[in-house]
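Visitor: Mind having a look at this structure? Questions to follow.
The values are calculated or read from the model by the stated rules, or taken from the named source; none is laboratory data. It should be emphasised that the depicted structure is a prediction, and the values quoted were computed from it without experimental measurement. Neighbour counts are summed over all protein chains in view; Cβ atoms, including those assigned to glycine, are modelled from backbone coordinates with ideal geometry. What goes into the accessible areas is simple: the full protein's heavy atoms, side chains included, and nothing from ligands, DNA or RNA. Shrake-Rupley method; radii C 1.70, N 1.55, O 1.52, S 1.80 Å.
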Amino acid sequence: MIIREAGVSDLPRLLELEQGVIDAERPFNALLKSESAFYYDIERLISSPESHLLVAEVESEIIGTGYAQIRDSKPSLAHKQHAYLGFMYVSPMHRGKGVNAKLINQLIDWSKRRGISDLYLDVYSENDSAVKAYEKVGFKASLLEMQLS
């Protein structure tokens with residue numbers, strides 16, 4: 001397995017994997033569109049100097065993704081900026097092999113090189129396997145978003 005920075009030529013596969021993320025999260029959010037749902041501006045994530053989009057490849061096939069994006073923090077926080085992690089996805093047949101942890105560790109390293117030591121991500125509280133995967137690399141629950149429809 002290799003982990004590398006994503007390029008524009010990866011866009012078709014990244015768009016497929018984005019739908020994998022959305023499909024995986026549908027059971028946790030009944031409000032997701034049934035068609036034409038998109039989470040990310042993948043081209044911008046690839047081209048922006050404030051983002052670092054990685055892919056994990058096995059035998060020239062992209063099987064995992066993840067990005068870190070430098071964002072301004074809330075004025076009430078001690079840190080002025082943080083890294084937000086997103087598009088964390090591993091193809092089902094490659095889960096449980098440490099792919100997610102390798103992606104996250106490289107994104108943490110990239111963030112640290114940029115002077116950022118605080119990282120955040122969003123995960124559905126009922127997505128037990130994802131929560132456990134993030135806890136395994138050191139994340140802990142922080143803020144619970146609540147909704148009323």
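Visitor: Give the residue from Leu77, Ile104, Met93 lying farthest towards the positive end of the charge dipole for the chain; charges sit on Cβ (+1 for Lys and Arg, -1 for Asp and Glu) and the dipole is referred to the Cα centre.
Guide: Leu77
Visitor: Please report the net charge: other residues with Cβ closer than 11 Å to the Cβ of Val90, K and R +1, D and E -1.
Guide: Cβ neighbours under 11 Å give a net charge of +3.
Visitor: Rounded to a whole number, what % of the accessible area of the chain do carbon and sulfur atoms account for, probe 1.4 Å?
Guide: The C+S portion of the solvent-accessible surface of the chain is 51 percent.
Visitor: Tell me the net charge near Ala56. Cut-off is 14 Å between Cβ atoms, Ala56 excluded, with +1 for each Lys or Arg and -1 for each Asp or Glu.
Guide: It works out to a net charge of 0.
Visitor: Same structure, new question: Taking the Cα centroid of the range 123-141 and of the range 48-117, what is the distance between the two, rounded to the nearest whole Å?
Guide: Using only Cα atoms, the two centres lie 15 Å from each other.
Visitor: Collect residues whose amide H, placed 1.01 Å from N in the peptide plane, falls under 5 Å from the amide H of Leu119; neighbours closer than 5 in sequence don't count.
Guide: Here the answer is Ala83, since their amide H atoms fall under 5 Å of that of Leu119.
Visitor: Something else: In square angstrom, what is the accessible area per residue of the chain with a 1.4 angstrom probe?
Guide: Roughly 64 Å² per residue, with all protein chains present.
Visitor: Separate question: Of all DSSP beta bridges in the chain, what percent run antiparallel (nearest 5)?
Guide: Among the beta bridges of the chain, antiparallel pairing accounts for roughly 85 percent.
Visitor: Here is a further query. Across every pair of different alpha-carbon atoms, what Kirkwood hydrodynamic radius in Å does the range 27-149 reach?
Guide: 15.8 Å is the Kirkwood radius here.
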